[in-house]
1. Can you list the residues of the stretch 10-39 with backbone N under 15 Å from a point 7 Å past the Cα of Lys48, pointing along Cα to Cβ?
2. Using unit Cβ charges (K, R positive; D, E negative) and no other charged atoms, how large, in debye to the nearest 20, is the dipole of the chain about its Cα centre?
3. May I ask you to evaluate 6.51 cos²θ - 1.76 cosθ + 1.60, the Karplus curve with θ = phi - 60°, for each residue of the stretch 29-43 and list the ³J(HN,Hα) values in order in whole Hz, giving x for glycine and proline?
4. Give me the percent of the accessible area of the chain that comes from carbon and sulfur atoms, probe 1.4 Å, all protein chains in place.
5. Before I look further, what does the chain give for accessible area per residue, probe 1.4 Å, in whole square angstrom?
6. Relative contact order (percent) for the chain, with alpha-carbon contacts under 8 angstrom and 6 or more residues of separation?
7. Calculate, in nm to one decimal, what Gln56 and Asn38 gain on full extension: separation in residues at 0.36 nm each, minus their alpha carbon distance.
8. Checking the cross-link filter: which lysines have an alpha carbon closer than 17 Å to that of Lys23, excluding same-chain neighbours under 8 positions apart?
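The values are calculated or read from the model by the stated rules, or taken from the named source; none is laboratory data. What you see is a predicted model, and the numbers here were worked out from it, not measured in a lab. Cβ coordinates were reconstructed from backbone atoms using ideal geometry, including for glycine residues, and neighbour counts include every protein chain displayed. Just so you know, the surface numbers come from the protein's heavy atoms only, side chains and all, with ligands and any DNA or RNA stripped out. Shrake-Rupley method; radii C 1.70, N 1.55, O 1.52, S 1.80 Å.
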Amino acid sequence: MDSVRQNRLRKVFDYLVFSGAFKTQSEFAEIIATNKTNLSSAMNGNEKYLSDSLFQKICTAFPALN
């Protein structure tokens with residue numbers, strides 16, 4: 001399941017970078033109000049950080065995402 005979450009997170013990140021919302025993981029972390037180290041761990045597949053809370057923060061910051 002976590003590989004699905006990691007894949008989804010990477011797709012969202014890549015889409016938002018492509019759309020110009022931000023350029024770096026640090027900027028992304030700041031926008032979604034999360035620790036950049038925790039975001040990096042999630043991007044690298046650490047299941048502890050691939051939480052519902054992380055995805056909720058992304059949805060709150062970018063409500064147009066599905």
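1. 35-39
2. On the way: 8 positive and 6 negative charges, 14 e Å.
Dipole about the Cα centre, nearest 20: 60 debye.
3. 4, 5, 5, 8, 6, 9, 5, 5, 5, 5, 5, 4, 4, 5, 4
4. 50
5. Roughly 67 Å² per residue, with all protein chains present.
6. On the way: 39 pairs, mean separation 21.4, N = 66.
It comes to 32 percent, rounded to a whole number.
7. Numbers: separation 18, 0.36 × 18 = 6.48 nm, distance 1.47 nm.
Between Gln56 and Asn38, full extension yields 5.0 nm more.
8. Those lysines meeting the cut-off are Lys11, Lys36.
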